[in-house]
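Visitor: My questions all concern the structure below.
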Amino acid sequence: MALAISNDSTVHNPPPFPPELWITIFSLATDAPGLLSYDGPTLSDLPRPLVKEHEHKLLKESLITKRNIILVCRTWHALATKFLYKSVLVTRPATLSSLLLALDNESSGPGRSVHVGWWTRRLDVLIQDDHCEASDYALLANIIRRFPNLAIVNLSMPMLPNNNSWLRKLPESVVIALAESCGPSLRVFDCSDSVLRPCREDLMKLMAASPNLNVLRCPICSPSARDKSPSARLDVPVMTKLQSVSLMSVFLRDYLPDDRDANHFPALRKLTYDCIPPPFLDHTWKHFVRLNCANVTTVHLDYSLQADCLQKELDLLSECCLFLNDLVVYIRSWAEISPNLILPPSVSYLGLYSKLHKALAFHFKQLFAALRTISGSKLKTVRLLHADTVEDLRENHHALLKSELADNTCIAFRIEDNEGQSLMA
């Protein structure tokens with residue numbers, strides 16, 4: 001009987017778990033792989049808007065798990081709070097004031113030796129509401145000042161009321177809050193999908209305050225009156241840690257240093273750019289690529305011009321990027337790929353993405369015609385990046401796929417689906 005009582009007591013009063021074990025469990029339960037990393041390989045070659053959509057889905061799922069954990073009991077709340085605030089996602093202006101209040105209340109609670117904002121590494125502000133006011137941006141700036149260790153910042157901001165639709169300037173208070181509060185810790189700054197964006201002067205201040213910046217995606221700066229005065233123009237800082245940059249060739253002047261023959265991005269290894277260069281900018285763009293991209297190993301090219309101009313871009317990369325290994329090209333449709341393309345000789349991987357997901361048969365015929373005649377001395381892999389394209393090919397154009405790949409004697413490389421498997425698998 002005594003033994004039975006002892007066993008029953010053990011069942012109803014289990015020994016407490018060590019806090020370290022609970023913390024490990026919470027970390028595994030709330031982890032979203034890759035979303036807090038900034039110096040590893042890119043997880044996807046898809047266009048950034050699609051990658052962001054997937055990331056934000058994972059962030060929302062992780063946030064739901066975090067909120068459920070901290071509501072279980074006081075002990076779990078105390079142990080899991082740092083995981084709750086590790087990444088912060090804002091999608092509505094109405095949540096800004098409550099977030100600021102929560103940050104201050106959590107930090108002033110009993111036993112709090114560290115402000116909870118100290119744990120935050122990633123901030124995503126994705127506001128689509130057209131009713132965002134100037135006061136909302138002031139709140140955002142105050143919130144940012146409570147995050148001294150931010151590493152990743154993604155901003156997608158709507159227009160301000162009565163704001164000049166041409167200027168579309170992100171309020172200076174937001175940019176300066178980033179520079180002053182978390183400049184040294186900042187590794188990724190992305191406003192590529194934002195309606196509002198920093199003016200050039202504010203962006204240069206942020207870059208100067210962020211010596212460890214690894215990824216910069218701000219292809220367009222908002223014009224400002226000060227940009228017209230050469231004497232007031234801030235020079236582009238030398239970014240010794242910057243490895244990836246997203247540009248638009250027609251807005252290249254925002255990134256040109258005073259000394260046009262100086263390389264201010266010596267660590268650059270990845271270039272993403274929209275290819276819309278008018279003729280009068282060809283020389284400037286070519287000079288920039290030759291000077292800053294000599295050691296680039298990855299290029300993502302968003303191509304929106306006529307098919308016969310694509311070879312010019314490939315020739316430029318052949319001339320200027322001698323170590324280029326991975327080339328990804330986004331095009332409007334498979335009809336944009338001309339036959340007999342000559343890739344840079346160092347390229348071993350080619351990723352292709354068509355923005356027209358439901359293509360007609362003749363589009364796919366043009367794709368395979370181009371692949372049969374493409375030249376690349378080191379090309380080993382061609383990957384079709386979008387799952388919808390692969391599904392469309394296999395389900396609706398299977399006979400075409402089979403006939404096009406039946407005679408592959410003229411194709412010396414592997415053609416893969418979006419998951420890296422053989423397209424014919």
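The values are calculated or read from the model by the stated rules, or taken from the named source; none is laboratory data. Keep in mind it's a predicted model, so treat the numbers as computed, not measured. Neighbour counts are summed over all protein chains in view; Cβ atoms, including those assigned to glycine, are modelled from backbone coordinates with ideal geometry. Please note that ligands, DNA and RNA were not included when accessible areas were found on the heavy atoms of the full protein model with its side chains. Shrake-Rupley method; radii C 1.70, N 1.55, O 1.52, S 1.80 Å.
Visitor: Does Ala80 meet the test of being modelled with pLDDT under 80 and either exposed (fewer than 14 other Cβ atoms within 10 Å of the Cβ) or over 19 Å from the mean Cα position of the chain (by Cα) (or both)?
Guide: Answer is yes for this residue.
Visitor: Do we find that Ala369 is among the small types (Gly, Ala, Ser) and not in a helix (DSSP H, G or I) in this structure?
Guide: Numbers: among the small types (Gly, Ala, Ser): yes; not in a helix (DSSP H, G or I): no.
No: the conditions fail for Ala369.
Visitor: Related question: Residues of the stretch 181-208 being of a type outside the set (Asp, Glu), part of a loop (DSSP other than H, G, I, E, B) and more than 18 Å from Gly117 (Cβ to Cβ), which ones? Full working, then the answer.
Guide: Looking only at the stretch 181-208, we keep the residues that are of a type outside the set (Asp, Glu), and these are 181-189, 191-192, 194-200, 203-208.
With the extra rule that they be part of a loop (DSSP other than H, G, I, E, B), the set shrinks to 186-187, 191-192, 194-196, 198.
Cys191, Ser192, Ser194, Val195, Leu196, Pro198, listed by residue number.
Visitor: Do you know which residues across the stretch 327-352 are touching an Asp or Glu at 6+ places or on another chain (Cβ under 6 Å) and open to solvent by less than 10 Å² (accessible area, probe 1.4 Å)?
Guide: Val328, Gly351
Visitor: To continue, here is another question. Could you list, in sequence order, the residues of the stretch 86-95 that are under 13 Å from Asp124 (Cβ atoms) and of a type outside the set (Gly, Ala, Ser)? Steps first, answer last, please.
Guide: Going through the stretch 86-95, the residues under 13 Å from Asp124 (Cβ atoms) turn out to be 86-92, 95.
If the condition is that a residue be under 13 Å from Asp124 (Cβ atoms) and of a type outside the set (Gly, Ala, Ser), then Lys86, Val88, Leu89, Val90, Thr91, Arg92, Thr95 are the ones that fit.
Visitor: Are any residues in the stretch 372-407 assigned to a helix (DSSP H, G or I) and aliphatic (A, V, I, L, M), and if so, which ones?
Guide: Within the stretch 372-407, the subset assigned to a helix (DSSP H, G or I) is 372-373, 387-396, 398-406.
Those that are assigned to a helix (DSSP H, G or I) and aliphatic (A, V, I, L, M): Ala387, Val390, Leu393, Ala399, Leu400, Leu401, Leu405, Ala406.
Visitor: With the checklist (1) open to solvent by less than 20 Å² (accessible area, probe 1.4 Å); (2) in a helix (DSSP H, G or I); (3) not aliphatic (A, V, I, L, M) in hand, flag the one item Asp315 doesn't pass.
Guide: (1)
Visitor: Hey, another quick one. Considering each of Phe288, Phe364 in turn, give the residue that is part of a helix (DSSP H, G or I) and touching a His at 6+ places or on another chain (Cβ under 6 Å).
Guide: Details: Phe288 fails: touching a His at 6+ places or on another chain (Cβ under 6 Å).
None of the others qualify; the one that does is Phe364.
Visitor: Could you grab the pairs with beta carbons closer than 8 Å, sequence gap of 6+ or different chains, first residue in the stretch 385-396 and closer than 16 Å to Arg332 by Cβ, second one of a type in the set (Asp, Glu)?
Guide: Listed by first residue and then by second, the contacts come to Leu385/Asp45.
Visitor: One residue is enough: does the stretch 272-281 have a residue meeting the conditions surrounded by fewer than 19 Cβ atoms within 10 Å (Cβ to Cβ), outside any strand (DSSP E or B), modelled with pLDDT of 90 or more and within 25 Å of the chain's Cα centre (by Cα)?
Guide: Taking every residue of the stretch 272-281 in turn, none turns out to be surrounded by fewer than 19 Cβ atoms within 10 Å (Cβ to Cβ), outside any strand (DSSP E or B), modelled with pLDDT of 90 or more and within 25 Å of the chain's Cα centre (by Cα).
Visitor: Restricting attention to the stretch 36-60, report how many residues are open to solvent by 50 Å² or more (accessible area, probe 1.4 Å) and modelled with pLDDT under 85.
Guide: 7
Visitor: Answer yes if at least one residue in the stretch 295-310 is closer than 28 Å to Ala406 by Cβ and either at pLDDT below 90 or part of a loop (DSSP other than H, G, I, E, B) (or both), and no otherwise. Walk me through it before giving the result.
Guide: Looking only at the stretch 295-310, we keep the residues that are closer than 28 Å to Ala406 by Cβ, and these are 307, 310.
Restricting the remaining residues to those that are either at pLDDT below 90 or part of a loop (DSSP other than H, G, I, E, B) (or both) gives 307, 310.
Yes, the stretch 295-310 has at least one match.
Visitor: Out of curiosity, is Cys309 open to solvent by less than 50 Å² (accessible area, probe 1.4 Å) and within 26 Å of the chain's Cα centre (by Cα)?
Guide: Values: open to solvent by less than 50 Å² (accessible area, probe 1.4 Å): yes; within 26 Å of the chain's Cα centre (by Cα): no.
Against the criterion (open to solvent by less than 50 Å² (accessible area, probe 1.4 Å) and within 26 Å of the chain's Cα centre (by Cα)), Cys309 does not qualify.
Visitor: Of all residues in the stretch 353-408, count the ones that are in contact with a strand residue (DSSP E or B) (Cβ under 8 Å, 6 or more places away or on another chain), at pLDDT below 90 and open to solvent by 50 Å² or more (accessible area, probe 1.4 Å).
Guide: Residues in the stretch 353-408 being in contact with a strand residue (DSSP E or B) (Cβ under 8 Å, 6 or more places away or on another chain), at pLDDT below 90 and open to solvent by 50 Å² or more (accessible area, probe 1.4 Å): 1 in total.
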